[in-house]
Amino acid sequence: MAVGPDFEQSETGESKMASVEQVQSVEQPRASEHGAIPAPAGIPVENPATGETVATVADLDRDAVAQLAARARAAQPGWESYGFDGRARIMLRAQKWLMDNADQVIATIVSETGKTFEDASLAEISYAGNAFGFWAKHAGEYLGDERVKSAQLLVKGKKLIVRYRPLGLIGVIGPWNYPLTNSFGDCIPALMAGNSVILKPSEVTPLTSLLMAEGLRECGLPEHVFGVATGRGETGAALVEQVDMIMFTGSTRTGRKVAEAAARRLIPASLELGGKDPMIVLSDADLERAANFATYYSMQNAGQTCISIERVYVEEPVYDEFVQKVSEKVRALRVGKPEGPGSVDVGAITFPPQLQTIEDHVTDAVDKGARVLAGGHSKPGPGRFYEPTVLVDVDHTMKCMTEETFGPTLPIMKVADAEEAVRLANDSPYGLGSSVFTRDTERGEQIARRIDAGAANVNDAMINYTALELPMGGAKASGLGSRHGAGGIRKYTSQQAIVVTPKLALKREPHMYPYKARNSRLLAGLFKLLYGRGRRD
Ligand code: NDP
């Protein structure tokens, strides 16, 4: 299958860059015949499940990013003129392209993240497939002109419109845990809103973004409307200096830097940052379901999901049974190099420093008195793996309960009652996702409303992310703004208020010069009539 000149698919399913001339023909070092970039301009991309280098990509400097931006800006008005229908046509073609090329996209994701085929398929292909269709269908509805009525006397008889206009050039900076969903996924609504977009993927996982750029080009997206700026953190920082709005997903630490840089330029920033999602299990919960959900949503994607279940609070009467069920399920998980669908349950640790963070959190917990009921160690190489791990006898003095672990670990804490569970769930700088398990769904909803998090699921977890109609964003240090829903596309636009006065209008309106006592009294009387009638408390 051909997806353009930049990739070759090896028999093992690994992607190779045959050329690093980016999707845009920015001047940069040419690839050698073997696809290698002369050092120091190239960044090697490693397969975390094998330790092998699968590709090398260009490390764009400030000038290259500025060139990309200039070309993207020049292309934007033409793209905007396609209108919602024209843009939707290309996105729907891209949806079909993704489904036709799903095997290659999955192989590329797996080769740079080390995740399982199922994690790539369920949480990435299905997300992007849905997102192409969703934004193609709903962009016009969310961004179409809105006629509004006003109670204000001074605008009576005029036509009032709220218009959403594209901001121009959007920068998207993405993390390594979901190269398709979290990096490329945010580009879809930005493009549907009529913007040009430059995506800066994580230096660890740039290949999926480059492949998607090839796909969009094949589907007829005009040249330079979408660009991929491969590089390190400096490339991301250079991108913030060029764009009209920045969408960032990653750590709270880097998110703060991005927000500061955006503030200096007075451009909007939308930030999806870290999380420490709590799960609460009440004593009337369906324990088998709760144990399955705790196991799956803490270990899926090897725990490297911003809305993974990172800590569990269980009411005392069902604590022992819940812990036993979860421990058995976690011990049964197969961890290792993904060889194909169904080969393993838990894949690799994508980001090299993450392994130290996971080891540090487990060691810290054990040093402070926690017990390990499953796993507890990294696996010897090749590749980077950590055993699916269950920790008990944990408390909030331990890092595993308060800091983002972002790995296949599940600390479980016994609580006296729901009140203690809610207090501990909220005892966190983060507030991204959360879940409550109980057979009393009304009570579950009441508890969900008391959790300081951008999302709360009752008898489920993480699933809110898949409903693109719902806003997805964080409270507290988990971010600003949201993706999905009306706000998830309106953030890529500026609002313009348009007021049209009909041609048959007075030459001079009553509030204008010259001020006359009679007119002023008349207007004051009218204001009183409008706003001063009726009794108040
Ligand atoms: P970062 O926040 O450091 O990186 C996210 C993206 O920002 C990457 O593309 C990165 O580039 C880029 N970047 C780095 N520095 C800058 C800068 N100064 N200006 C603009 N862009 C910049 O996350 P990491 O990948 O280092 O992961 C660190 C931690 O973040 C993890 O341990 C995890 O806890 C959390 N995380 C949260 C995610 C989420 O979904 N909310 C996703 C991933 C990680 P580059 O990768 O090339 O350095």
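We did not get these values from a lab; they are worked out from the coordinates using the rules stated. These numbers come from a predicted model, not from an experiment. Cβ atoms come from the backbone with ideal geometry, glycine included; neighbour counts cover every protein chain shown.
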(Q) Using Cα-Cα distances under 8 Å and only pairs 6 or more residues apart, what relative contact order does segment 318-449 have, in percent? (A) 19
Q. Taking only Cα atoms, what is the 0 to 90° angle, nearest 10, from helix 252-265's long axis to the longest principal axis of the chain?
A. 30
Q. Short version: what are the Cα gyration tensor semi-axes of segment 153-249, square root of 5 times each eigenvalue, largest first, in whole Å?
A. 31, 16, 11
Q. When N counts the residues of segment 329-398, how does its alpha-carbon radius of gyration compare numerically with 2.2 N^0.38 Å, as a ratio?
A. 1.18
Q. Where the centroid of each part is defined by its Cα atoms, how far is segment 400-442 from segment 492-532 in Å?
A. 54
Q. Which length gain, in nm to one decimal place, applies between Val148 and Leu504 when the Cα-Cα distance is subtracted from 0.36 nm times their residue separation?
A. 126.1 nm
Q) Does anyone have the angle between helix 316-331 and the longest principal axis of the chain? Alpha-carbon axes, 0 to 90°, nearest 10? A) 70
Q | Separation between Cα centres of segment 168-216 and segment 59-89, rounded to whole Å | A | 13
Q: Would you order Cys219, Cys400 from fewest to most other beta-carbon atoms within 10 Å of each residue's own beta-carbon?
A: Cys219, Cys400
Q. How about Lys137: which aspartates and glutamates have a C-alpha closer than 19 Å to its C-alpha, ignoring those fewer than 8 places off in the same chain?
A. Glu80, Asp85, Asp145, Glu146, Asp186, Glu469
Q) Against the longest alpha carbon principal axis of the chain, how many degrees, from 0 to 90 and to the nearest 10, is the axis of helix 102-113 turned? A) 70
Q. Which whole-number percentage describes the relative contact order of segment 423-517, with Cα contacts under 8 Å and a sequence gap of 6 or more?
A. 22
(Q) Going by Cα centres, segment 255-298 and segment 312-335 are how many Å apart? (A) 22
Q | About the Cα centre, charge dipole magnitude for the chain (Lys/Arg +1, Asp/Glu -1 at Cβ), debye | A | 4300
Q | Furthest towards positive pole of dipole, Phe406, Gln495, Tyr386, structure part the chain, Cβ charges | A | Gln495
Q) Going by the alpha-carbon gyration tensor, a ≥ b ≥ c the square roots of its eigenvalues, is segment 48-116 rounded (a/c under 1.5) or, if a/c is not under 1.5, prolate (a/b greater than b/c) versus oblate? A) oblate
Q. What nm distance separates the two modelled labels at Ser494 and Glu218, each placed 7 Å from Cα along Cα→Cβ?
A. 3.8
Q: Can you put Lys329, Lys368, Lys507 in order of Cβ neighbours within 10 angstrom, beginning with the fewest?
A: Lys507, Lys368, Lys329
Q) Based on DSSP, what percent of beta bridges with both residues in the chain are antiparallel, to the nearest 5? A) 45
Q.
Can you tell me what share of the DSSP beta bridges in segment 93-240 is antiparallel? A percent to the nearest 5 is fine.
A. 25
Q: Identify, among Gly534, Thr397, Asn301, the residue whose Cα sits farthest towards the positive end of the charge dipole of the chain, taking +1 on the Cβ of Lys and Arg and -1 on the Cβ of Asp and Glu, with the dipole about the Cα centre.
A: Gly534
Q) For Thr363 and Leu530 in one chain, what is 0.36 nm times their gap in residues minus the Cα-Cα distance, to one decimal in nm? A) 53.3 nm
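Can you pull a Stokes-Einstein diffusion coefficient for segment 80-202 at 4 °C (1.567 mPa s), Rh from Kirkwood over Cα pairs, as a whole number of µm²/s?
80
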Q. For Asp145, Asp537, Asp286, what's the fewest-to-most ordering of other Cβ within 10 Å of each Cβ?
A. Asp537, Asp145, Asp286
**Q.** Cα shape, segment 423-485, gyration tensor, a/c 1.5 rule
**A.** oblate
Q. What 222 nm value per residue comes from the helices of the chain, counting each DSSP H run with n ≥ 4 as -39,500 (n - 2.57) and dividing by all residues, nearest 500 deg cm²/dmol?
A. -11500 deg cm²/dmol
(Q) Positive end of the dipole of the chain, charges at C-beta (+1 Lys, Arg; -1 Asp, Glu), about the Cα centre: which of Ala467, Ala58, Ala291 has its Cα farthest in that direction? (A) Ala467
Q | Radius ratio Rg over Rh of the chain, counting only Cα atoms, Kirkwood formula for Rh | A | 1.05
